[in-house]
Structure formats: C-alpha cells, structure tokens
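One structure is given here, and the rest of the page talks about it.
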Amino acid sequence: MTAATGQVAEQAERAGSPRQRRRRRARASRGDARLALWLILPTVALLAAVIGYPVIYAVVQSLKLDKADAGLDATGFFQSGGKYVGSKYYSYWFNCGSKCPNGTTGHEFWPAVSTTVIFTVITVIFEVVLGTVMALVMHRAFRGRSLVRAAILVPWAIPTAVTALMWKYMFQPHGVINAVLGTHIIWTGSEWPARWAVIIADVWKTTPFIALLVLAGLQVIPDELYESAKVDGASAWQRFFSLTLPLVKPALLVAALFRILDVLRIYDLPAILTGGANNTTTLSILAVDELRSSPNSAAALSTITFVFIFVVAFILVRIFSVNVVQTQARTVKA
Amino acid sequence: MQYRRLMVVAVAVLTTVALATSCSSSKKKSGESGSGGGAGDRGPITMVQGKDTSGILPPIAALWNKDHPNEKVTMRQQTDQADQQHDDLVQHFQAKDPSYDVVSVDVIWTAEFAAKQWLVPLKGDFAVDTSALLAGPVKAATYAGTLYAAPESSDGGLLYYRKDLVPTAPTTYAELIADCAKKTAGMACYSGQFAKYEGLTCNASEAINSSGGQIVKDDGKTPDVETAAAKSGLDFLVNGFKQGYIAKEAITYQEEESREAFQSGNAMFLRNWPYVYNHLAQDKDSKVKDKFGVAPLPGLNGPGTSTLGGHNFAISQYSKHKATALDFLKFIMSGPAQNVLLNVGSLAPVLKASYSDPALIAKFGYLPTLEKSIDTAIPRPVTPFYPKVTQTIETNVYQALQGSLSVDAALKNIQAGITQAANG
C-alpha cells in the first residue's frame, strides 16, 4: 500500500516537460517492458490453460480413432482406440451427406450448417433493427424513461434456459401464443413454425443487448450537432440517416458482430425449446449429439465449427474495421 | 521493485498449483491398478442416480445405514434429464473417478457401459442370485452372456382407457380404432409419446413388436425392420395422425404432456408408464379419477408387447469399496428395499413375489396388468451402439409421423442406419 502511494507520488514528481519525460521513458523502458511481461504473464498462462489447451486437445483428438469406432472383440468389449486416423472424421462430416442414411449424424451436417446460418442471418437482422429502435426510444427524454429502460433490459437479464422454457410453455398447442393469435399452430411440430419459435425467442432475449450497445453509442453524440442540423433545416429523417446512423455505426457494427458470433454457436435455446427437432439442429447441438456416441468424431465437428466461426469473425472484423476507420475519417473531414 | 517481486511470487504460486493438480490426476491413474483379487474392500459408498423426484432415496438410505453403520451410503443426485445423467456418468468413468461407487444405469445404457469396461461383471466373486427376479429385467442387465448390473426397478407400458366410455379395453388395433367412435366431442382418441426423443423409440418399437415385427434379430445387432409386420406396426401410428385418431398436437407429446391430455379428460386412450396411475387416481385436478381402467397394450392380432424400461444398479470399475457396493446391489434386489421403492416411488418391482402379494395388489391395482406387460416385454436393442440406433429410429419415425417420409422409406433408412452404427 505504502509502496503504491510512494510510486504514484514519484511518478507525479517525474512529470516535467515533454522532452524530459521522453528521455526518462527511454531509460526506464527496459525495466518497464520486463514489468509488463510479468504483469501479462498470468493472463497469458491462464488463457493458454483454459482456451489454448482445450482447443489443441480437441484438434489432436479429432485425428485419433474413437474407441466406439474401434469395433468389438470376441467378449463384446470395445477394442482400444487412439491410433491416428487422419481426416477420417472430417471426411465423415463433409462427405457423408448422401452416403449416410437419413437419421445418422453425418446426414444432418449440411442441414445443421444451413440452419445455423439461417438463424444467424434472420435473428441478427431483426435484432439490429429492433435494437436500434429501442435505443432511440431509451435515448429520448420523456416521463417514465427509467421505467422503459428497465423494462427493455429485463429479457437480457433472464437466463437463456429459463427463457427457453418460458417460450416452450407459451408455444404449446394450448399455450398463450395460440390463444392470443387465435390460431391452432403446432409450433414445435413442423419445420418453419419451430424455426420461427426459436427465432422469436432469441430476438426477444437478445435485442436488449444490441439496444444497450447502441444506446452507449448514441450518448456520445454531442447535442450541438443536432442543433446545428436543425438550424440548417434538416428534417427528422435526414438527421437520423445523415447524422445519427453514421455516428452510431461503429457501436452498431460491434454489437452486430458480437451477436453474429454468438448465434453461430447457439446451443441452449433451440436445445431446450425444440430439442433440435424439425430442422432446428444447429452445429453445436449436433456436436453434443455426436459426443454421446463418438467423442473423437464430435471433436472433429467442434473443430470445424470453431474454424467456421473464426473465419466468419476474421472476415467481418476486416470489413468492419475498414468501415469504422472510413466513417471516422469522413466525420473528421465534415 | 516491490511489484515485480509480488508478481514473481504470484506466478510461482500459480505454477505450483497447476503442477500440483496435474500430479494428483496422474496419481489417480497409477492407483487404480492396485486393487483386484477377491471381492474388493469395504467402506462407505456413494450411490449415484438421477434426480429423486419421488423421494425414494432418504428411506432407502435409512434402511441400509441402519444395518451398515460403518459402510454408510451417501446418495448423490444428478439432473432429471436422462441424456444429461448418461453424459455425467460417462465423464466420471472417463476420469476414473473413485467417488462413484454404485451407479444407476438405465436399461438402454447397460450394454454401452459394459462394452467400455466401466462396470464390474457380476460373476465369480461378484456373482449374485437372480432366481427370484423377473426374467426380462435380468436379460436387460446382461450383455454378451454376462450379468453386469442388478435390476433395481422395471417398467412396462400400459394402456389407460376410459372405462366410462369403453367398458372393456380393446386388445387389438382394429378394436381400438373402432372404439374411437364412442368418444365424446372434442376428445382425442389415442395418445402416446410422439415427440422426437427416446420416448418415440419406445412407442415405435412397441408398435413394431406388437405387430409381430422386430427391430433387431436375436443377435442384438442385425436390423430386421424391412418386413411387412414392422410396416403394419408403424402404419398404426402413421395412420393415426393421417386419419385423426391421434391428435395432431400429439407430435409434441412427451410423457407429461400426454398424461395431462388424458388427465384433463381430453383423450380416450393413453399409452404410458405405471407412474401415471397414482396421478390419475389421486391428483386434485384429475377429471378421470374413477373413470379409468388399466389394460395391457393392444397389438395387431391380439394383446401387444411392451418395451422394457427401468434401471439397473451397477458397480463402477473404479470404486474403492467394491465389496460393500456388491452388498448394496444385493440389498436393492431384496424384498424390503423393493417394497420401499414400490410404496414410496411407485417403481415397478423386479421381484416376482411382489406381483402376487395381496396387500400390494390392494394398494396398486395395476400390478397384475403390469406383470403381464413386463413378462412379455421386449427390450430395446441391447447394443453398445445404442445412442446411434435410437437416433436413427427417432429421426425416421418422426418424419414418417409428420408425413414427410413414407413408412417404407423410414424403415429402409432405419435398416441402413442400424447397420452403419454397428460397423462404425
């Protein structure tokens, strides 16, 4: 404690003219670098242990033969697996398609890819639009604003498992949704109703997340900009599209990126709501299904999913970051 | 300087902890080869099973602990989801965890766990006497000719029917469909479990077996579903949805939803397990209290065949107190323990004698019917590849029920799927 305050005082004393500071920094840099190394080492070690090790372990496992695929010996015991089989499991997932009979996990791979992508595209579009609207509402000053803000955030605060169960009850044939709509749709009994059930529940739950990030973006836009725009005679629509949207775009893109990566690995909501039936099996659900019978094959699928999400993230970050820079440059020029 | 020293200490501590954990896990691995010979050691044991929804664990533990003060049993509960219970057991077996001594194994997992050598075979020093038990449950605990677990409770499907509307229960599918005319308006006729999950495999295999078909041949792995008998069995369910004697919404039913439909007076027939009996007879909101009867399942040309449910207790290969665990297995198959399971939890006994006990029959009117059901029951395929087998059955039957796949195509896929499952 005393050492810490001593150092702070010392640093304050050191602060002289910029030139002096620069000279001092050069002298201290080797020591600082070493300190910095020690400071980040625990984090790096922890990340290596909880992220690096499992990822590498999964990749290694995906190249080895599973015990459950090693065949039975005369006494009915599984022979030992573990020998390297190369891309056996990867080709099972990619090339199985028509060769594997309906009902096997290999047959479900490509449908699971398309289901995952469909969920991602539709939910993120809805969430971005609704989230932006919600943020605009939360941003305005009016009576009862704090109540509206709290109400909008409630779905985000509810655990996903609870959300899924809640919507499962509401989507039952005699549930509240059919009662309100006056319909007799068996929501979890066929393909598109089941998919819409998942999409509606996911949008309901995570729109507040986007709204929250967009709201943060809105709050840093200075009011003077709007005032001068008004003076210049810009209509409300012009102000939204030429002012609000470009300025909030960086926050919006980050929020959308987070959501895209999140939905690509979605598991809990469809797993509880529909059990993966009626083409709502996502890549993560398929991986867990496969884990039950063949862990090494499931490791291969997890690796494929990981690489897929990684590539999508990489591409989006590249596109988005360029945009972010351009937006800022344009704003500065204007 | 102070900071740096602190960091060094922190890193050193972290590294030591990491090393210590890795050491202890390797110790566990080397330790397990130490046991062996005789029936193992004695000491306190832990029994693991799914969530105890019916409150059987406290009385069972009390009954055992009274006579075994030095080898007390600790009850450990998993979740109430069967899939998660299976995964939890697999993880603990893979970690060679000695803290799971006795595990409750669903009949359909027994073969898989036995083939992976996680269960102690009950032979030689570990042999148990099963002569007083029903044959079906013992067969379901046997893999490749060796008994691997002690049957704890059994289960068989029953047909619940509205005796106020149909005085005598139908014994064939044709009779059942004809009886549908007697239902009141707004009521569904037949109800079962048709959502895409394990319960659908039970319902589908019952329909196939009840029509004289079979899913696998006697060797337990060669599929045999591309037959006329299997087709007519599946047709009974598929036509139910087509012709309307099964309600459209039944495609979402698991056990509880189907019970709810019958209990609220919205279905005339219900295929379900014995646990439903007490709900129908005693629940406050039951609208069918004195209006329902219990019968064996119907079939194509006479009484049908139930699938076999239930749980077995097995000793983990990694238990340190196997001798005590063995005694616990013998205890759970004994009269006093079986009575507790039936009286407290309504679990179907595995002892033959329980089914002819007049006191029990007076209390549980369905026992004679249940005995018939279990006696003729056919287990679901006893195979170490069960997860793949049930997945292919569930998926194809579900699509057939929805009408997006013909019955012939579904059976063809199941045939191919089971063949592929066994060949890796």
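The values are calculated or read from the model by the stated rules, or taken from the named source; none is laboratory data. Keep in mind it's a predicted model, so treat the numbers as computed, not measured. With ideal geometry, Cβ positions are generated from the backbone for all residues, glycine too; neighbour counts draw on all protein chains shown. Note: areas computed on protein heavy atoms with side chains; ligands, DNA, RNA excluded. Shrake-Rupley method; radii C 1.70, N 1.55, O 1.52, S 1.80 Å.
Brief remarks on what is shown
- Test: B:GLY136 is out of contact with any Lys or Arg (no Cβ under 7 Å at 6 or more places or on another chain) and within 14 Å of another protein chain (Cβ to nearest Cβ): no
- Flag for B:ILE108 being within 30 Å of B:LYS248 (Cβ to Cβ) and within 14 Å of another protein chain (Cβ to nearest Cβ): yes
- In the stretch A:114-166, the residue that is most open to solvent (accessible area, probe 1.4 Å) out of those that are farther than 30 Å from A:TRP93 by Cβ and touching a Leu at 6+ places or on another chain (Cβ under 6 Å) is A:HIS139.
- For the stretch B:76-84, the criterion of being out of contact with any Asp or Glu (no Cβ under 8 Å at 6 or more places or on another chain), of a type in the set (Lys, Arg) and within 19 Å of B:ALA150 (Cα to Cα) is met by at least one residue.
- For B:GLY310: the one exception among (1) in contact (Cβ under 8 Å) with a residue 40 or more places away in the chain; (2) within 30 Å of B:ASP41 (Cα to Cα); (3) open to solvent by 50 Å² or more (accessible area, probe 1.4 Å): (3)
The rows are residues; the columns are (1) touching a His at 6+ places or on another chain (Cβ under 7 Å); (2) open to solvent by 20 Å² or more (accessible area, probe 1.4 Å); (3) within 14 Å of chain A (Cβ to nearest Cβ).
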site	(1), (2), (3)
B:SER232	no, yes, no
B:PHE241	no, yes, yes
B:ILE246	no, no, yes
B:ALA267	no, no, yes
B:ARG271	no, no, no
B:LYS287	no, yes, no
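- Checking the stated criteria, A:LEU136 turns out not to satisfy the condition of being within 13 Å of chain B (Cβ to nearest Cβ) and over 21 Å from A:LEU264 (Cβ atoms).
- Tabulated pairs, the stretch A:215-242, first surrounded by 14 or more Cβ atoms within 10 Å (Cβ to Cβ), second polar (S, T, N, Q), C-beta under 8 angstrom, 6+ apart or interchain: A:LEU218/A:THR244; A:ILE221/A:THR244; A:ALA229/A:GLN238; A:ALA229/A:SER242; A:ALA234/A:SER242
- Within the stretch A:102-113, restricting attention to residues that are open to solvent by 20 Å² or more (accessible area, probe 1.4 Å) and free of Cβ contacts under 8 Å to residues at least 12 places away in the same chain, the residue that is nearest to A:ILE304 (Cα to Cα) is A:HIS107.
- For A:TRP196, the criteria (1) out of contact with any Leu (no Cβ under 7 Å at 6 or more places or on another chain); (2) open to solvent by less than 30 Å² (accessible area, probe 1.4 Å) hold in every case but one, which is (2).
- Being crowded, with 16+ Cβ neighbours inside 10 Å, within 13 Å of chain B (Cβ to nearest Cβ) and either at pLDDT 95 or above or in a helix (DSSP H, G or I) (or both) holds for only one residue in A:LEU252, A:LEU301, A:LEU257, A:LEU286, and it is A:LEU286.
- Candidates B:ALA353, B:ALA421, B:ALA410 - the one that is away from chain A (no Cβ under 13 Å) and in contact (Cβ under 8 Å) with a residue 12 or more places away in the chain: B:ALA353
- Of residues in the stretch B:383-407 being free of Cβ contacts under 8 Å to residues at least 60 places away in the same chain and of a type in the set (S, T, N, Q), the one farthest from B:ASP83 (Cα to Cα): B:SER406
- The one condition in (1) over 16 Å from B:ALA111 (Cα atoms); (2) open to solvent by 30 Å² or more (accessible area, probe 1.4 Å); (3) not basic (Lys, Arg) that B:VAL397 fails to fulfil: (2)
- Counted residues, the stretch B:149-166 - those being open to solvent by 20 Å² or more (accessible area, probe 1.4 Å) and assigned to a loop (DSSP other than H, G, I, E, B): 3
- Checking B:LYS231, B:LYS221 one by one, the residue that is touching a residue at least 12 places away in the same chain (Cβ under 8 Å), over 20 Å from B:ASP155 (Cβ atoms) and not in a loop (DSSP other than H, G, I, E, B) is B:LYS231 and no other.
- Residue that is surrounded by the most Cβ atoms within 10 Å (Cβ to Cβ), among those in the stretch A:48-87 that are among the basic types (Lys, Arg) and more than 10 Å from chain B (Cβ to nearest Cβ): A:LYS64
- Selection of the stretch B:89-105 for residues being open to solvent by 10 Å² or more (accessible area, probe 1.4 Å) and within 12 Å of chain A (Cβ to nearest Cβ) yields B:VAL90, B:GLN91, B:GLN94.
- Residue within the stretch B:116-127 that is open to solvent by 20 Å² or more (accessible area, probe 1.4 Å), modelled with pLDDT under 95, within 14 Å of chain A (Cβ to nearest Cβ) and at positive phi present: yes
- Hey, B:LEU134 surrounded by 19 or more Cβ atoms within 10 Å (Cβ to Cβ), out of contact with any Pro (no Cβ under 7 Å at 6 or more places or on another chain) and under 26 Å from A:ASP289 (Cα atoms) or not: no
- Residue tally, condition within 13 Å of chain A (Cβ to nearest Cβ), assigned to a loop (DSSP other than H, G, I, E, B) and touching a strand residue (DSSP E or B) at 6+ places or on another chain (Cβ under 8 Å), over the stretch B:173-199: 2
- A residue that is modelled with pLDDT of 90 or more and among the acidic types (Asp, Glu) cannot be found anywhere in the stretch B:24-40.
- Here the stretch B:380-407 is the region considered, the condition is being in contact with a Gly (Cβ under 8 Å, 6 or more places away or on another chain) and assigned to a loop (DSSP other than H, G, I, E, B), and the residue that is nearest to the other protein chains (Cβ to nearest Cβ) is B:PRO384.
One line per residue, one yes/no per condition, for (1) within 24 Å of A:ALA287 (Cα to Cα); (2) among the charged types (D, E, K, R):
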residue	(1), (2)
A:ILE152	no, no
A:PRO173	no, no
A:ALA179	no, no
A:PRO208	no, no
A:GLU227	no, yes
A:LYS230	no, yes
A:THR244	no, no
A:ILE266	yes, no
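- For the stretch B:55-112, taking the residues that are assigned to a helix (DSSP H, G or I), of a type in the set (A, V, I, L, M) and in contact with a strand residue (DSSP E or B) (Cβ under 8 Å, 6 or more places away or on another chain), the one that is nearest to A:ASP69 (Cα to Cα) is identified as B:ALA111.
- In the stretch A:177-190, residue farthest from A:VAL124 (Cα to Cα) [restricted to those that are open to solvent by 70 Å² or more (accessible area, probe 1.4 Å) and part of a helix (DSSP H, G or I)]: A:ALA179
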